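Asks: Before anything else, here's the structure in question.
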Amino acid sequence: MSGSAISDLLLSVDGVTIDYSGFKALDNFSMTLNRGETRVVIGPNGAGKSTLCDTIIGRVRPSQGRVLFKGEEIQRLPEQQIVARGICRKFQAPGVLLTLSVRDNLALAARKDRRWWKSFGTGIPADEKLAVEEALESVGLTHRAAVEAGTLAHGEKQWLEIAMVMATGAELLLLDEPTAGMGPAETSRTAQLILGLGDSRTVLVIDHDMSFVEQLAAPVTVMHQGKFLKQGSIAEVRADAEVAAVYLGHTA
Amino acid sequence: MPDLSRLDPLKPFLPWLLLALGLVAPFALSAYDLNLLARFMAMGILALGLVLIWGHGGILSLGQGVFFGLGGYAIALHMKLADLPSGEIPDFMVWSGRDSLPFWWTPFSSPAFTIAAILIVPTLVGALFSWAVFHRRVGGTYFALITQALALAFSTLIISRQDVTGGFNGLTDFYSVFGFGLASPGTGSGLYWVTLAVLCVAFVALRWLLASRFGILLRAARDGENRVRFLGYSPTPFKVVAFAIAAMLAGVGGALFTLHAGVVSPALIGVVPSIEMVVWVAIGGRYSLAGAIVGALLVNLARDAVSSAFPELWLYLMGALFIFVVTLLPRGLAGLVKRKAA
Amino acid sequence: MDALFLNQLFNGASLASLYLLAALGLALSFGLMRVINMAHGEMLMLGGYLAWMTLLVVPGALGIILAIPVAFVGAAAMGGLIQSTLIRRLSARPLDTLLATWGVSLILQQGARDLFGAVGVEVRAPEWLTGSFVVFGVTLPSARLFIILIAALVLGGLALLLLKTRIGLLVRAVNQDRMMASASGIDVKRVDFTIFCLGSGVAGLAGVMLALLGPVTPNVGQSYIIPAFLVVVMGGLGSIVGTTASAIILGLFAALAQIFVDVSVAQMLLLVFVILFIQVRPQGVIAVKTRQLDA
């Protein structure tokens, strides 16, 4: 194995099993992500896509297997430490903080020093301020910065959360159904947003919306019943008989 | 519900109005009424802490009486010892058959130790207790129930240790504090000014704290504890620090209350008084610092007026107040003057 | 094994039975609605007074047997009233529910004080309940044996109800996923109401048991309800098995602690024990997994 191959590897999910008292949401599942890569994970309902995100971010703990981020095991760390190492996740149901203003939501996300004893103050460092303004602009919420996040429309909340995830400066972004509840125009815009992130970010996207997945033009991993099923380009996956069977419900 | 939202623009002036009333009161009220007001203001200090943890932190404590009591008993121990001829022990101890002071009483003869204890003991107990529960991610209703069990255990313990705590009757008959005779009118008004000053300092400090990043994170943890975690923050320290600050304010309030009331007893700090403290804030408005002070004053004024004439009526009234405010007026009186968000 | 230990073990079993009867209703509705009724202790009190009144009308052994259904129905009706007029309105605000129902508790206690007096009333237990058995040198009072028996019967009945009947199926469905249950046509509100009445009724029944042990006072419920709250905290969300296990643990702990310390210290130790337990198993005796972000 060459040195560059190791440094390219960002995340590796290695034989992970998540057992919900008998029901295996993930069953000896493995996948890897390289730095700068964008990957889409699809699969029918109950395939374990959200559980995969839950596992990486530390919301559920594997009974078997490891999760390696930058070569270090993270599957036993508390959530906030996993985040501190550079992973951030957007949840399926928008997880914005409803009684905080849009700007405060982003400022919390952009904050680098998250230790509690550094929280007794109101000043925000210039670079964080800039990151907040950039995030606001990228999702078109600048004019809504002062309103309570709870008053945003559903699509706006989705964007706010995407902006929060981006503002954390995390290297690995997990986007769980970022376009849920969005119309076609909003969906395209979200795709543009993700594509605009560039090579510095690694993105794992979970979505059902095939038009959105096509716009991302990224490699696709197909999951089924907690297991790895296929990997390839969107065209390859579409042409695959096994994948079609899974989606139509004719499993072997 | 009367719509008082027209008054919203006047809201920033409410703290100033309260301060003005507080400054005028010593010249306008009789010594008896001033003492009563000072007691209520001491309770207001505790109420400020509840705004911090309950309103902004979503942490309901049904055990604030414990911290109020820790502060109150600390100063009471000091005053008991200060009034004592050297070598003697308080008379209730003699009646209970003791012949020496318990070791943990002795340091309270020092004023400095006593003040330090008032500030530190409730804070430390609050921090340790809340940390033990919060760091295991137990909160919400569970936490409220555990704090109530704490209030019960604490007051029961004091009642049962009659020989060293004064038991059910508590500690009373104080004559001086830090060298000032409590009977002299000057001491009464002096203590009033001290209470007013502490209330103002606590108000300003909490106002700053709530506006700071700490306040934002506390509210964030209230609305979505896990969301905060997935933004890379541990919510536990924010909740624990808030709880410890509220415990400290309760302790200081309890010490000042004991000075004004001349008594501290389990009946003032047990399960029922602890939950009554929450009703002050519920009525004033759980999100509003000024509202909480107003709530503490109003409820205690009402209590004083009603319960002296019809003691049993007060319990009905308080029960009804709880139900009414919580179901129909969740933002309390402060909510009446808040303009609806556009 | 000395007699004192065995004696306290037995007392612990009967204490656990009372905790269990007081906590079952709390745990069931907490599992369903995530709310605690602070006036639940007054359901115990109500049961006690209803037992007393029943015995005024029908004295003797028959009275006690009759008091059980009377107390059950009376407390269930009161619980239903509280649930439908107050708790239902506050369902999304668990902490506010605590406060509002505490208001109800105050009013009920004061009401009992005005109606029956502050001193309390004595229920004369029938003779077959005043005796005792002596086993291995340990005195087992019949009243306490009766309480253990009733608790076991109630527990068995509830288990049958939850596992074998349609209403039990509905309860389990709502317990697992409220939204899905509601979406699939289950009348969630009716399930809530039924369970609330049932739980209050069980508490009323516990009140009859308390009446056998001592005088019924306006605040008789208070001395059992706070340990019952701790039972719920330790039991795990809405689990009957967890609640039972935690009632037994806490009942035995409280009784055995009293071998070494007095009641007041035992109470403090009980709280310390629960907090230590949380350090080891914060999710309670029986854990329930959820997928919601902030459940």
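Asks: Might you let me know whether segment B:62-81 holds any residue that is within 14 Å of another protein chain (Cβ to nearest Cβ) and over 19 Å from B:VAL263 (Cα atoms)?
Replies: Yes, some residue in segment B:62-81 is within 14 Å of another protein chain (Cβ to nearest Cβ) and over 19 Å from B:VAL263 (Cα atoms).
Asks: Okay, next question. Being at pLDDT 95 or above and over 18 Å from the mean Cα position of the chain (by Cα) narrows it down to one residue among B:ALA74, B:ALA117, B:ALA132; which is it? Let's see the steps before the verdict.
Replies: Numbers: B:ALA74 fails: over 18 Å from the mean Cα position of the chain (by Cα); B:ALA117 fails: over 18 Å from the mean Cα position of the chain (by Cα).
From the options B:ALA74, B:ALA117, B:ALA132, the qualifying one is B:ALA132.
Asks: When both residues are 6+ apart or on different chains and their Cβ atoms are under 6 Å apart, which pairs have a first residue that lies in segment B:88-99 and is closer than 14 Å to B:LEU171 by Cα, and a second that is of a type in the set (A, V, I, L, M, F, W, C)?
Replies: B:ILE89/B:LEU101
Asks: Separate question: For A:GLU73, only one of the following conditions fails: (1) at pLDDT 90 or above; (2) acidic (Asp, Glu); (3) out of contact with any strand residue (DSSP E or B) (no Cβ under 9 Å at 6 or more places or on another chain). What is its number?
Replies: In the conditions (1) at pLDDT 90 or above; (2) acidic (Asp, Glu); (3) out of contact with any strand residue (DSSP E or B) (no Cβ under 9 Å at 6 or more places or on another chain), A:GLU73 misses (3) alone.
Asks: Given the conditions (1) open to solvent by 30 Å² or more (accessible area, probe 1.4 Å); (2) under 16 Å from B:THR156 (Cβ atoms), report the number of the one that C:ILE249 does not fulfil.
Replies: Only one criterion in (1) open to solvent by 30 Å² or more (accessible area, probe 1.4 Å); (2) under 16 Å from B:THR156 (Cβ atoms) is unmet by C:ILE249, namely (2).
Asks: Counting residues that are over 23 Å from A:CYS88 (Cα atoms), which strands (runs of 3 or more DSSP E) fully inside segment A:191-241 reach at least 1? I'd like the intermediate steps shown before the answer.
Replies: Values: elements: A:202-206, A:220-224, A:227-232.
Fully inside segment A:191-241 and qualifying: A:220-224, A:227-232.
Asks: Can you find even one residue in segment C:209-218 that is within 11 Å of chain B (Cβ to nearest Cβ), of a type outside the set (Lys, Arg) and in a helix (DSSP H, G or I)?
Replies: no
Asks: Still on this structure, I have one more. Given the structure, is C:GLY80 in contact with a strand residue (DSSP E or B) (Cβ under 6 Å, 6 or more places away or on another chain) and open to solvent by less than 10 Å² (accessible area, probe 1.4 Å)?
Replies: Taking the combined requirement at face value, the residue does not satisfy it.
Asks: Exactly one of these conditions fails for B:PHE13: (1) over 24 Å from the mean Cα position of the chain (by Cα); (2) open to solvent by less than 10 Å² (accessible area, probe 1.4 Å); (3) over 21 Å from B:ASP163 (Cβ atoms). Give me its number.
Replies: (2)
Asks: Please verify whether C:ILE249 is part of a helix (DSSP H, G or I), at pLDDT 90 or above and under 30 Å from C:GLY117 (Cβ atoms), treating the condition exactly as stated.
Replies: Answer is no for this residue.
Asks: Considering segment A:144-166 alone, what residues qualify as being in a helix (DSSP H, G or I), away from every other protein chain (no Cβ under 14 Å) and touching a helix residue (DSSP H, G or I) at 6+ places or on another chain (Cβ under 9 Å)?
Replies: A:GLY155, A:GLU156, A:GLN158, A:TRP159
Asks: Quick one: which residue in B:ALA292, B:ALA282, B:ALA296 is within 12 Å of chain C (Cβ to nearest Cβ), under 16 Å from the mean Cα position of the chain (by Cα), buried (at least 19 other Cβ atoms within 10 Å of the Cβ) and of a type in the set (A, V, I, L, M, F, W, C)?
Replies: B:ALA282
Asks: When residues of segment B:128-182 are filtered for being part of a loop (DSSP other than H, G, I, E, B) and either at the interface with another protein chain (Cβ under 8 Å from one of its Cβ atoms) or surrounded by 16 or more Cβ atoms within 10 Å (Cβ to Cβ) (or both), how many remain? Before the answer, list the steps.
Replies: To start, the set of residues in segment B:128-182 that are part of a loop (DSSP other than H, G, I, E, B) comprises B:135-139, B:161, B:166, B:170, B:173-175, B:178-179, B:182.
The next check asks that each one be either at the interface with another protein chain (Cβ under 8 Å from one of its Cβ atoms) or surrounded by 16 or more Cβ atoms within 10 Å (Cβ to Cβ) (or both); those that pass are B:135-139, B:161, B:166, B:170, B:174, B:182.
Residues meeting the conditions: 10.
Asks: Right, another one. If A:GLU171 satisfies every condition in (1) among the acidic types (Asp, Glu); (2) open to solvent by 40 Å² or more (accessible area, probe 1.4 Å); (3) within 21 Å of A:GLU37 (Cα to Cα); (4) away from chain B (no Cβ under 14 Å) but one, which is the exception?
Replies: Exception for A:GLU171: condition (4).
Asks: Say we look at segment C:128-144 and pick out the residues that are assigned to a helix (DSSP H, G or I) and touching a residue at least 40 places away in the same chain (Cβ under 8 Å); which of these is farthest from the other protein chains (Cβ to nearest Cβ)? Don't jump to the end; show me each part of the working.
Replies: To start, the set of residues in segment C:128-144 that are assigned to a helix (DSSP H, G or I) comprises C:128-130, C:142-144.
Retained after the next criterion (residues that are touching a residue at least 40 places away in the same chain (Cβ under 8 Å)): C:128-129, C:143-144.
Working: C:TRP128: 35, C:LEU129: 29, C:ALA143: 25, C:ARG144: 23 Å.
Once the filter is applied, the top-ranked residue is C:TRP128.
Asks: Shifting gears a bit: Hey, could you check segment B:213-239 for residues that are surrounded by 24 or more Cβ atoms within 10 Å (Cβ to Cβ) and more than 8 Å from chain A (Cβ to nearest Cβ) and say which is nearest to B:TYR175 (Cα to Cα)?
Replies: B:LYS239
Asks: Identify the residue in segment C:260-277 that is farther than 19 Å from B:VAL133 by Cβ, open to solvent by 50 Å² or more (accessible area, probe 1.4 Å) and of a type outside the set (D, E, K, R) and, among all such residues, is farthest from the other protein chains (Cβ to nearest Cβ).
Replies: Selected residue: C:PHE260.
The values are calculated or read from the model by the stated rules, or taken from the named source; none is laboratory data. Just so you know, these numbers come straight off a predicted model, no measurement behind them. When we count neighbours, we look across all protein chains shown, and the Cβ atoms used for this are built from the backbone with ideal geometry, even at glycine. Calculation scope for accessible area: heavy atoms of the full protein, side chains included, ligands and nucleic acids excluded. Shrake-Rupley method; radii C 1.70, N 1.55, O 1.52, S 1.80 Å.
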